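Please read the structure below before turning to the comments.
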Amino acid sequence: MSRSRRHSHMRVARRRALQKAEVPHLVPCPKCKTLRPAHHLCPNCGTYGGRQVLPLEEGGRRAS
Ligand SMILES: [Zn+2]
């Protein structure tokens with residue numbers, strides 16, 4: 001039951017490198033329709049997974 005070493009490290013590494021070259025899956029934000037990588041925070045409105053994660057700018061009420 002030894003399933004190790006079916007491929008050399010070099011072989012696996014080369015295949016993984018090819019797979020990693022894929023472009024990130026872009027999906028439109030459900031809120032603002034901005035294309036963003038799937039499972040990433042929206043850079044435009046700060047929504048992730050249907051929830052507001054980052055506070056929206058509300059007329060610059062925050063004094064920084
Ligand atoms: Zn958005």
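When the range 28-49 is limited to residues that are in a strand (DSSP E or B) and surrounded by 13 or more Cβ atoms within 10 Å (Cβ to Cβ), the one that is nearest to the ligand (Cβ to nearest atom) turns out to be Thr47.
Here Ser64 meets the list (1) of a type in the set (Gly, Ala, Ser); (2) modelled with pLDDT under 90; (3) within 11 Å of the ligand (Cβ to nearest atom) almost entirely, failing just condition (3).
The values are calculated or read from the model by the stated rules, or taken from the named source; none is laboratory data. None of the values given here were measured: they were computed from a predicted structure. As a convention, Cβ positions derive from the backbone with ideal geometry for all residues, glycine included, and neighbour counts pool all protein chains shown.
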